[in-house]
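Written out below as structure tokens is the structure these notes cover.
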Ligand SMILES: [Zn+2]
């Protein structure tokens, strides 16, 4: 059985996708899901993760549902699959009526089919029954880190994917991601109710990426970036934390007659698309200046550098973003211009979108008042009467539902379903969780500062954070170069590479990786924290508008980042 499935995978990869040989990681994950087992796959960008669901989708006889966070991402995949002659439909909120009817008709027909959709569409009352009737053979969650990092303050539907899975008839689940710490992995596994999954995890840092950090106060950033850019080969991406910084940096580069384009959430969609198209043209060697809104699913192999003009919101985000460089295997440079004041911007952004204890208190009071009146409000009326933003209300309700304190009936009415004392306890637990999230958000930001200020090899720092016990020095980062380890290391590093190719597959499902306490204590500590404390990360924030020019503050290093913990 195993050999025949394996040869079916190889044959499909060759015939349909023109891939001559699959990587062992890909084969292992394909076999797992084809044998009805859940799989969790964390492989760097450019590793061919999509193939892991695409090949089985061509072998099984029923639809494969693929959950994607972004419609743009879905559209790209749909186009790519169409080109290969793979039966595919994308079902999402932006379809025109006729397109939607056609897509749903196709889904109804069933059979071999890739169905691309969002978590919101999967559970919407209009489409959910159709997905359920399709009895999919496989449920794939692309960019699965969204479940953990975005779920809490961005998209509650991600939190409910475990329930959605049940309604779909409990098909095997394939969770794909490029970055996940051991804790995020546990969070994903718990939310999706993965059952003894096949776990395949590759190192979080690729050897062809050279890591450098320049500690630069805000005022000196542009000259520092300009100096770097002059010496770097294009195309490259410059990431800024705010839309204002994107406009300033791209404007200044443009005035210096450097070929540049820009991308952020405050631009018109048509302008954004045009900028992205220009950047993607193979012959054009542009610099893209963008917020973190740009880049997910960008498949451009020859990006030569990623420069962070401002610190990212977390090390996870950083690794995702630098993973877009050097996908052709040739060297890529990853430079972080770090100013401690950058972190204040993120702190501000995080506080804006996160449910607070005060929100919860208001919601508790409103729920109790409705109950006393023996009436059951909908989520919208509840949000209105509690004076809590609808999205935040929705997130808190999801948590209370998960805890069994409230229930929502078919027409969306919400009611407390436990005695008053138990309800109070449920709320108290949630208060503790919200406080932990807040603390964790700060901790993640401190970690960026730790990364910037650390004396150890940058690659070791990153790989240990993502759960490796004894990662080797890279020999190419600024720290290694300063210590001149590059030359002595080159040979063992090649050996390491071949070892990786042969045996990167570890089943760590039932054996959480122990952490070696490193110089940065935060990392080792974090991995022992209970799963429930996993923190939400701010979603890409296209609308961020905090001015970047915080130069005057940079000397006043915020003491909170240095708080002993
Ligand atoms: Zn190094």
Cα centroid of region 243-269 to Cα centroid of region 153-231, whole Å = 26 Å
Sorted by average packing, counted as other Cβ atoms within 10 angstrom per residue and highest first, what order do 177-186, 11-20 take?
-> 177-186, 11-20
By DSSP, what percent of the beta bridges with both residues in region 2-201 are antiparallel, rounded to the nearest 5?
-> 0 percent
For region 381-459 versus region 1-44, the gap between their alpha-carbon centres in whole angstrom | 38 Å
Ordering of 125-136, 242-253, 303-314 by burial proxy (mean other Cβ atoms within 10 Å per residue, highest first) | 303-314, 242-253, 125-136
Please work out whether region 209-348 counts as rounded, prolate or oblate from its C-alpha gyration tensor, where a ≥ b ≥ c are the square roots of the eigenvalues and a/c under 1.5 means rounded, while otherwise a/b larger than b/c means prolate and anything else oblate?
-> rounded
Treating each Cα of region 354-425 as an identical point scatterer and ignoring solvent, apply the Debye formula and state log10 I(q)/I(0) at q = 0.19, 0.24 Å⁻¹.
-> -0.67, -1.14
If we sort 350-361, 369-380 on the protection proxy, mean other Cβ atoms within 10 Å, highest first, what's the order?
-> 350-361, 369-380
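Here, each number is a calculation from the coordinates, and none is a lab measurement. A quick note: this is a predicted structure, and the numbers were derived from the prediction, not measured. Virtual Cβ from ideal backbone geometry, glycine too; neighbours counted across all protein chains shown.
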